[in-house]
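K.L.:
Please see the structure below; I have some questions.
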Amino acid sequence: MRKIIFSFLLLFPMVMEAQSFIYDGVYYSIKLFTKTVGVATSNSTKFYKGHITIPETVVYNDKTYTVVSVDNGAFSGSEELLSVTLPNTITNIGDRAFSGCYGLTDFVIPQNVKVIGEQAFYGSKNIKEIRIPKSVISIGCRAFSDCLEKLVLEDGKEPLKLITYYSINDNTPFHICPLEYIYLGRNLDYTNEYAPFRDNPKLSNVVIGDSVSEIGPYLFNECTGLTEVNISNNVKLIRNYAFRGCSGLSKIDIPKSVDYIGLNVFYGSNIKEIEIEDGESVLTFESFLHSPFTSCPVEKIHLGRNVVGNIFSSEVPFTKSNEVVIGDSVTSINDNLFKRCEGLSKIVIGMNVTNIGNESFGECNAISNVYCYASNVPNTSINTFKDSPISQASLYVPYLSLEQYRATKPWSDFKSVNGVSGESSVDAILSSKEFTDLYISLDGKKKNYPSQGINIIRSNSGTFKKILIK
């Protein structure tokens, strides 16, 4: 028995050696006990050159084998390799498979690849663009390091696992990639702060696709060159620090699908305009310690939904001539929501607001014009405008509600309470002129407020307008 085992052990290396062969100038290795092979590294110092096409099947000893992988190091260091065409039978691209292939400029990853190994394309710096098929389920650390300007992650339902070893950021799959454009078509699975695209100064344009439901933590943290972000209407969560320190980002649109925005998401970015789309669901902001917009030089906000969290209070350094528009989908304005927004000068409140909280606009020292388009006077705290100079500001409300506003505090504390004409929407208020309190009936009599029927109004510019109050 011992002799049989000993003889087998002597023959085993020969059996293993027999599993490798050359077909059409390319090395292949047979997968034991299968009818499949992988493109293999050579047994010498030979490197590949020129243009290579890998077939779906190869023949060895009169047997046909399906090519299913590019094995570890198969083309590594082949500096004169100009192109490789792979078949759709490939499901795995191994570690260092194409690392250091400086001659490669274009590369197509087959549609059935599931795994891309560690350093698979590391240092192949002339590959400028890559498309990752939705079939890929994991990408190893430093897989594309030091290459790529454009990355497309195809739309897919399953999260893409991005592997980082040693818990350090420079082992992410896209470490030191000079990426300028990213299309993100899938959710990503990675280790918290070891985000794959963070700290990239060249990244300027990001598009979040329809299959993405979550933008992960730190994902674009400190991408200082980022100027444009398009978020699809299927994203529900934007996690902590996702866009922190993006100093080139001046505007952000939050679609109505988003229902949670995490801690410090836009902290230290250069956002001047915030558009929160109109929607019926409540948007929750994580505002523990800091607002998501802390240190952003915000100038204009459109708030189109009810929100939870004091997202703008005090920490958002509004400059002069800032504007807040509360959309028609909003029914309630939180306590302290815009407190201490010292540069806030113009406020537009939508037609469906029924409640405005305590000190919602407290200590807003620059308030000069407030438009409230709610036909029924909203429920307010006596301190809604606490320590804001509303005695020097003008209030504009629907004509038919003038008397109600003039009789209700704190609205009656405004320097003037004026009527506005127009349709029943916030946009109509924004485009309308600011009228004085001079109303004239058709028989030439002056009135303090319009009555039913036809009224003539003199505007601040001295022009006249005829309106019909039904």
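K.L.:
Calculate, axis by axis, the spread of Cα positions in segment 371-413 along the three principal axes, and write the results as whole Å, longest axis first.
P.N.:
Between the extreme Cα coordinates on each principal axis of segment 371-413 lie 29, 20, 16 Å.
K.L.:
For segment 36-192, just list the percent of Cα-Cα distances falling in each 10 Å bin from zero outward, please.
P.N.:
Percent of Cα pairs in each bin: 12, 41, 35, 11, 2, 0.
K.L.:
With θ set to phi - 60° and the Karplus curve 6.51 cos²θ - 1.76 cosθ + 1.60, what are the ³J(HN,Hα) couplings of segment 233-250 in order, to the nearest whole Hz, using x for Gly and Pro?
P.N.:
7, 10, 6, 10, 10, 10, 7, 3, 6, 4, 10, 4, x, 7, 5, x, 8, 9
K.L.:
On to the next question. Length gain on complete extension for the stretch N192 to K35, per 0.36 nm per residue less the alpha carbon to alpha carbon distance?
P.N.:
Numbers: separation 157, 0.36 × 157 = 56.52 nm, distance 4.08 nm.
Length gained between N192 and K35: 52.4 nm.
K.L.:
Then there is this: Which order do peptides 51-57, 384-390 fall in by mean Cβ count within 10 Å, highest first?
P.N.:
384-390, 51-57
K.L.:
Shifting gears a bit: Return the FRET efficiency for the residue pair K63, T105: r is the Cβ-Cβ distance, R0 is 51 Å, and the value is rounded to the nearest 0.05.
P.N.:
Working: r = 36 Å, r/R0 = 0.70.
Once rounded, the FRET efficiency stands at 0.90.
K.L.:
Give the peptides 140-147, 280-287 in descending order of average Cβ contacts within 10 Å, highest first.
P.N.:
Working: 140-147: 24.9, 280-287: 16.6.
Those peptides, ordered most packed to least, come out 140-147, 280-287.
K.L.:
Give me the distance in nm between label points sitting 7 Å out from Cα along the Cα-to-Cβ direction at T408 and T354, one decimal.
P.N.:
With each label placed 7 Å out from Cα toward Cβ, I get 1.3 nm.
K.L.:
Here is a follow-up. Enumerate the residues in segment 50-64 having an amide nitrogen under 15 Å from the point lying 7 Å beyond the Cα of T89 toward its Cβ.
P.N.:
53-64
K.L.:
For Y260, enumerate residues with amide H under 5 Å from its amide H, sequence gap 5+ or separate chain, H modeled in the peptide plane.
P.N.:
Placed amide hydrogens put I238, T284 under 5 Å from Y260.
K.L.:
Let me ask something additional. Could you give the size of the charge dipole of segment 166-218 about its Cα centre, using +1 on the Cβ of each K and R and -1 on the Cβ of each D and E, expressed in debye and rounded to the nearest 20?
P.N.:
The calculation lands at about 100 debye.
K.L.:
Let me ask something else about it. Go ahead and collect, in residue order, the members of segment 122-144 whose backbone nitrogen is under 16 Å from a label point 7 Å along the Cα-Cβ direction of E158.
P.N.:
From segment 122-144, the list is 132-140.
K.L.:
Quick one: if the Förster radius is 22 Å, what FRET efficiency do V377 and D278 give, using the C-beta to C-beta distance and rounding to 0.05?
P.N.:
Values: r = 23 Å, r/R0 = 1.02.
Plugging the Cβ-Cβ distance into 1/(1 + (r/R0)^6) gives 0.45.
K.L.:
Seen from all sides and averaged, what is the projected area of the convex hull of the Cα atoms in segment 222-264, in nm²?
P.N.:
2.8
K.L.:
Given 0.36 nm per residue, what is the gain on full extension from I137 to N112 after removing their alpha carbon distance, in nm?
P.N.:
Values: separation 25, 0.36 × 25 = 9.00 nm, distance 1.04 nm.
Extra length available between I137 and N112 comes to 8.0 nm.
K.L.:
Please work out the FRET efficiency for the pair I22 and S247, using the Cβ-Cβ distance as r and a Förster radius of 60 Å; give the result to the nearest 0.05. Could you put the intermediate results ahead of the total?
P.N.:
Working: r = 54 Å, r/R0 = 0.91.
Result of the calculation: an efficiency of 0.65.
K.L.:
A further question on this structure: State the extension gain, in nm to one decimal, for the chain segment bounded by D210 and K128, taking 0.36 nm per residue of separation less the distance between their alpha-carbons.
P.N.:
Working it through step by step, the gained length comes to 27.0 nm.
Computed from the coordinates by the stated procedures, all read-outs in this text should not be read as laboratory data. The shown structure was predicted, so the numbers you read here are calculated from the model rather than taken from an experiment. Positions of Cβ are backbone-derived with ideal geometry, glycine not excepted, and every protein chain shown enters the neighbour counts.
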